[in-house]
1. Restricting to DSSP H runs of at least four residues, report the calculated mean residue ellipticity at 222 nm for the chain, -39500 (n - 2.57) per run over all residues, nearest 500 deg cm²/dmol.
2. In terms of the Cα gyration tensor, with a ≥ b ≥ c the square roots of its eigenvalues, is region 111-153 rounded because a/c is under 1.5, prolate because a/b exceeds b/c, or oblate?
3. On alpha carbon coordinates alone, what is the Rg over Rh value for region 150-240, Rh being the Kirkwood radius?
4. So, in Å, what gap is there between the alpha-carbon centers of region 195-235 and region 59-133?
5. Taking N as the number of residues in region 255-328, what value does Rg over Cα atoms divided by 2.2 N^0.38 Å take?
6. Hey, rough spin-label estimate for Val173 and Gln103, points 7 angstrom out along Cα→Cβ, what's it come to in nanometres?
7. Please work out whether region 1-42 counts as rounded, prolate or oblate from its C-alpha gyration tensor, where a ≥ b ≥ c are the square roots of the eigenvalues and a/c under 1.5 means rounded, while otherwise a/b larger than b/c means prolate and anything else oblate?
8. Please work out, to two decimal places, the log10 of the ratio I(q)/I(0) at q = 0.14, 0.24 Å⁻¹ from a Debye calculation in which every Cα of region 20-71 carries one identical scatterer.
Amino acid sequence: MMFDYLIVGSGLYGATFAYKARQAGKNCLVIDRRSYLGGNVRCETVEGINVHCHGPHIFHTDNRKVWDFVNSFVEFNRFIHSPLASYQGRLYNLPFNMNTFYQMWGVTTPEEARKRMGKTCRLSDTNLEEYAISIVGQELYEAFIKGYTEKQWGRSCRELPSKILRRLPVRFVYDNNYYNNRYQGIPIGGYNKLINGLLKGVETRTNADFFDNRHEWESVAKQIVYTGPLDQFFDYKLGHLEWRSVTFEQEVLPVPNYQGVAVVNYTERNVPYTRIIEHKHFEMFGDEVEQHPTTVISREYPKACRLGVEPYYPVNDQRNSVLADQYRNLAAQEKNVIFGGRLAEYKYYDMDTVVEKALLTPNS
Ligand code: UDP
């Protein structure tokens, strides 16, 4: 046993755990089957722009400790996520707020907006569709939620739990900030700086797949920290958990400013992608944007996740929630393994929760 911990996966959970363990004097080896470290927060520099290769990652949190912790490795900028929705050729502000209601109906007061929505004040929670209609009404549901959600998740809104939508604020004030959190930003210079800071001085190996040589890897450390898909750890013995995946179509364009904002959601069902990301807006503001002559965009196409495809989102419908609980029971019996992060816990975590959980997991 050469190491105290073998950490399988170098994303935010693995890297934060490794940092903390190292601080506690533990000896860690971090392995990742990909050719790079950082998991899905990985950035690549294209045309001098930090590209979020695995989709937009905006750090937001209410947890001061987590915020100070990540800022101790890299300073975060003043980015505030204010995406737009494109629907039938027109643009609307997200999340749902007085600007959206004004753009949709020309209403200027919260009272008029509520009236247009036909809000009943009765929250219905049986499924995502009912919940959505009960919070924003039929018209906004059909324009901005139904098509987007059904292509994102590959199933009817009636078969999805409402909690997916609880991520999205609805406000009766003029405020386009997508998040309600106290702290928000993007690391200046990209997420790799954060990962490199966390993993400084830690032994790492890329192109190293735990499952290619499981017995050997298990013998190198006293304990394992596993951050891969929960069902894969158990060789899918209870069945496959369902995940959603995404394909990114990246393009360099010879213009300084393509869409004027980091994220535009395409909410209609018949547009095959869910959103277009223009990466420079995460780190360039005001005049800086147009001083940089080129831009990089990514179209995001949701897709099913079969074997061999990268899992991104757990599908928390009834069947998968039950199955995930059964796997969690198995995981609890693995005394030498810590399961952490979105994939290993099968939870739709944001980055701050992942960091928080890794910081709270005790080293033994
Ligand atoms: N959503 C929607 N319309 C939008 C944006 C989001 O219906 O324009 C719904 C959709 O179901 C999505 C969920 O809200 O899966 C959560 O959105 P979020 O932006 O948090 O998703 P993420 O960035 O994690 O993909």
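Throughout, read-outs are computed from the coordinates displayed, never taken from laboratory work. Every value quoted in this text rests on a predicted model; they were computed, and no experiment measured them. All Cβ positions, even for glycine, are placed from backbone atoms using ideal geometry, and neighbour counts span all protein chains on display.
1. Values: 13 runs with 107 residues, N = 364.
Helix contribution divided over all residues of the chain: -8000 deg cm²/dmol.
2. On the way: a/c = 3.95, a/b = 1.50, b/c = 2.64.
It comes out oblate by the Cα gyration axes.
3. Looking at region 150-240, the ratio lands at 1.09.
4. Going from one Cα centre to the other spans 38 Å.
5. Working: Rg = 17.8 Å, N = 74, 2.2 N^0.38 = 11.3 Å.
Compared with the compact-globule rule of thumb, region 255-328 sits at 1.58.
6. 2.0 nm
7. Details: a/c = 3.31, a/b = 1.58, b/c = 2.09.
It is oblate, given that a/c is not under 1.5 and a/b is not larger than b/c.
8. With no solvent term, the Cα-only Debye profile gives -0.60, -1.05.
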